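Structure first, commentary second.
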Amino acid sequence: MNVSTPNELTPKIKQAFIRLIAQHTGLVIRERDQASLTDKLFARMKAIKLTFPEDYYLLLNCQTREAKQEWKKLVVLLTNLESYFFRDKEQCKLLKTKILPELIQRHQVDKTLRLCSAGCSTGEEPYSLAIMLNELIPDIDSWNLVIFGIDINQEALDKAKKGIYRAWSLRSIDPKIKHEYFKRIDNHYHIDDKVKSLVKWQQVNLVKDPFPQAHLDLQAFDLIICRNVFIYFESSAIAQALDKFYHALQPLGYLITGHSELYGQLLKQFKTNVFPESLVYQRQTESLVYTPLGDVPSPLTWDTEDDYTLAFNPETLEHDLEKNTIKMQHVALNLLKQLPPNTPLQKLGNLTPSELIKQLQSSLNSIEPDSP
């Protein structure tokens, strides 16, 4: 009989755990991480005094209170807590110069702004948003500002609530911001209480939990940021989360993800705004027709809801890419990665996104030989 021993997993039960974890959390356990997964499973089994992996699997696969509590403990071991303030300088620049100022202007009358950091880990991202808003809104005390930090890992949220960080979390922060919004105590940095008061925290499983959640006020957001989360998710789990984000956004609300994290996903419910710094997705109430936000020019656009095409002249593509420099080539590459890989693009000689991606990557490699 193929049963695991107290010190090892059989291939069959290991795969069963991997499938169960994906179903419950969306997390993909890659082959290189499977040895680490085994150690984590046995660590939890030892903590609750179970001997055989099959018994632990049965516990996790139940709908009991004990199972829910155990999932909370296991998730702490499965999730990555790496984060820091003002992560991804280009996206932060876009937020500070375009997205947040536009939202602030949009809400000058009602003075209400609602933001969400999904997969917020230990809180650096939502606190970064709070600092940006404090810098951008002169009369901030007269505004009703709500920033939600949501994460599946309750232990990470508990750390976030404290607002105490090591210097490593502030490694890319502007010295002026560090001086104004943090107090150093015993080699730790305590975030300003005014910033802390802008952020609320809630444990949310983006796969299993309903979202939006009216009773927790997790709804009607002007902006949702979900960066460096989907790189750990199965494709089907990403699709589920995107649908939930769409319904949790206000009309014309924005979604920002990590670069290329939505590769292969169907995004027809969102309008795609293209900036040199990043792609930004927007909830629409009508047919999806691309219009750039502000004055940012872009050679890339959606034509219709059903036809994935790029609205630029194939005869001038090479010249345009050269003219717009390497940065615009990266923009084109990021957008192409969002399209279904085998969809023929009529305006580009029926080449597919995957073929164009190869061409752009080859071009970039020839220009940037030292790039990874």
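Using the Kirkwood radius over C-alpha pairs as Rh, can you work out the diffusion coefficient of the stretch 128-243 via Stokes-Einstein at 20 °C, viscosity 1.002 mPa s, in µm² per second?
On the way: Rh = 16.1 Å.
Here the translational diffusion coefficient equals 133 µm²/s.
Debye sum, Cα scatterers, the stretch 4-70, no solvent: what log₁₀ I/I(0) at q = 0.15, 0.20, 0.22, 0.26 1/Å?
-0.44, -0.80, -0.98, -1.36
With all protein chains present, how much of the accessible area of the stretch 1-83 (probe radius 1.4 Å) comes from carbon and sulfur, to the nearest whole percent? Please report the intermediate quantities before stating the final value.
On the way: 2620 of 5110 Å².
Exposed carbon and sulfur together represent 51 percent of the surface.
Taking a probe of 1.4 Å, how large is the accessible area per residue of the stretch 1-84, in Å²?
Result: 62 Å² of accessible area for each residue.
Using a Cα-Cα cut-off of under 27 Å, which lysines could be cross-linked to residue 358, ignoring same-chain neighbours fewer than 8 residues away?
89, 268, 271, 323, 327, 337, 347
Got the relative contact order for the stretch 145-274 handy, in percent, Cα pairs under 8 Å and 6 or more residues apart?
Working: 136 pairs, mean separation 31.4, N = 130.
Once divided by the residue count of the stretch 145-274, the mean separation gives 24 percent.
Sort 254, 263 by heavy-atom solvent-accessible area, probe 1.4 angstrom, most to least. It would help to have the intermediate numbers written out before the result.
On the way: 254 5, 263 115 Å².
Largest accessible area first, the list is 263, 254.
Given a 1.4 Å probe and the protein chains all in place, what does the accessible area of residue 161 round to, in Å² to the nearest 10?
Rounded to the nearest 10, that gives 100 Å².
Report the full-extension gain for the segment residue 139 to residue 52: residue separation times 0.36 nm, less the Cα-Cα distance, to one decimal in nm.
Working: separation 87, 0.36 × 87 = 31.32 nm, distance 5.99 nm.
Using 0.36 nm per residue and subtracting the Cα-Cα distance, I get 25.3 nm.
If I ignore ligands, DNA and RNA and count only protein heavy atoms, how much of residue 140 is accessible to a 1.4 Å probe, in Å² to the nearest 10?
20
With the crude spin-label approximation of a point 7 Å out along Cα→Cβ, what separation in nm comes out for residue 32 versus residue 76?
A separation of 2.7 nm, rounded to one decimal place.
Full-extension gain between residue 97 and residue 217, please, as 0.36 nm times their residue separation minus the C-alpha to C-alpha distance. Working shown, then result.
Details: separation 120, 0.36 × 120 = 43.20 nm, distance 2.78 nm.
Length difference between fully extended and current span is 40.4 nm.
Whole-Hz Karplus ³J(HN,Hα) for the stretch 79-86, in order, using 6.51 cos²θ - 1.76 cosθ + 1.60 and θ = phi - 60°, x for Gly and Pro?
Result, ordered by residue: 9, 9, 9, 5, 7, 7, 5, 6 Hz.
The values are calculated or read from the model by the stated rules, or taken from the named source; none is laboratory data. Just so it is clear, the model here is predicted, and its values are computed rather than measured. Neighbour counts run over all protein chains shown; Cβ positions are idealised from the backbone, glycine included. For accessibility, only protein heavy atoms count, side chains too; no ligands or nucleic acids. Shrake-Rupley method; radii C 1.70, N 1.55, O 1.52, S 1.80 Å.
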